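Note sheet for the following structure.
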Amino acid sequence: MAGPAAGRGFSLLAVLLMMAVLAFLALGALNVSLLQERMAGHSRDRHLALQAAEAALRDAEADIEANLTADSAFVAGCTAGLCVPASMAASGAVSTLRWRSIDWGSGAGQSRAYGSATGATALPDVAEAPRYIVELLPVLPPEAGTSAHLGNGIGERPQAFRITARGVGLRSSTVVILQSTYIKR
């Protein structure tokens, strides 16, 4: 007579297997939820670093407009964040990779801190203050329809500057680097 006792054992085994399957499904859902939370955190951190780099670009533009001219202390070694592109110093051509050789640390003196020249307030929630460099680019040619000799002389031509800004997010490992060209007339 194995009928009723065997049926109860089989029911217990079936319920235990269903509970194990439900536990694995719950564990999988928890894992997906944690992964999505981490992705959202990384996205927020990257967005914060992007905002910091954007703020540094705007700060550099204000610095150029208020304080910098072609006669400022631009050097090949990027002292105080004022740089001459490496290949421009030698051949007159413009380099685009100066930002890769810069020591972005605050003690190196090769970059400028956000707000150091403009007095802008510090940004909240970032691991490090944004920093930037300004490169002096060649003087732009006269605009179309004008002459370099008639009313638009060499001294009146616009000056171009390349700004490279580095922003850091909530974690110091999240870094965004942006570049823009600023024309000062």
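The values are calculated or read from the model by the stated rules, or taken from the named source; none is laboratory data. Source: prediction; values computed, not measured. Glycine gets a Cβ as well: all are built from the backbone with ideal geometry, and neighbour counts include every protein chain shown.
Among the residues making up region 103-138, a single one is among the β-branched types (Val, Ile, Thr) and free of Cβ contacts under 8 Å to residues at least 12 places away in the same chain: Thr121. Just one of the listed residues (Ser111, Ser147) is of a type in the set (Ser, Thr, Tyr) and modelled with pLDDT of 80 or more, and it is Ser111.
Criterion applied to Asp63, Asp45 was being in contact (Cβ under 8 Å) with a residue 60 or more places away in the chain, closer than 25 Å to Ala108 by Cα, among the acidic types (Asp, Glu) and in a helix (DSSP H, G or I), and the one residue passing it is Asp63.
Candidates are the residues of region 126-144 that are in a loop (DSSP other than H, G, I, E, B) and modelled with pLDDT under 90; the one that is nearest to His47 (Cα to Cα) is Leu140.
Would you confirm whether any residue within region 75-87 is modelled with pLDDT of 90 or more, part of a helix (DSSP H, G or I) and buried (at least 18 other Cβ atoms within 10 Å of the Cβ)? Looking for residues that are modelled with pLDDT of 90 or more, part of a helix (DSSP H, G or I) and buried (at least 18 other Cβ atoms within 10 Å of the Cβ), one finds none in region 75-87, hence no. The residue that is surrounded by the fewest Cβ atoms within 10 Å (Cβ to Cβ), among those in region 105-137 that are farther than 27 Å from Ala70 by Cβ and β-branched (Val, Ile, Thr), is Thr121.
Scanning region 109-128 for residues that are in contact with a strand residue (DSSP E or B) (Cβ under 9 Å, 6 or more places away or on another chain), farther than 12 Å from Leu48 by Cα and of a type in the set (A, V, I, L, M) gives a single hit, Ala113.
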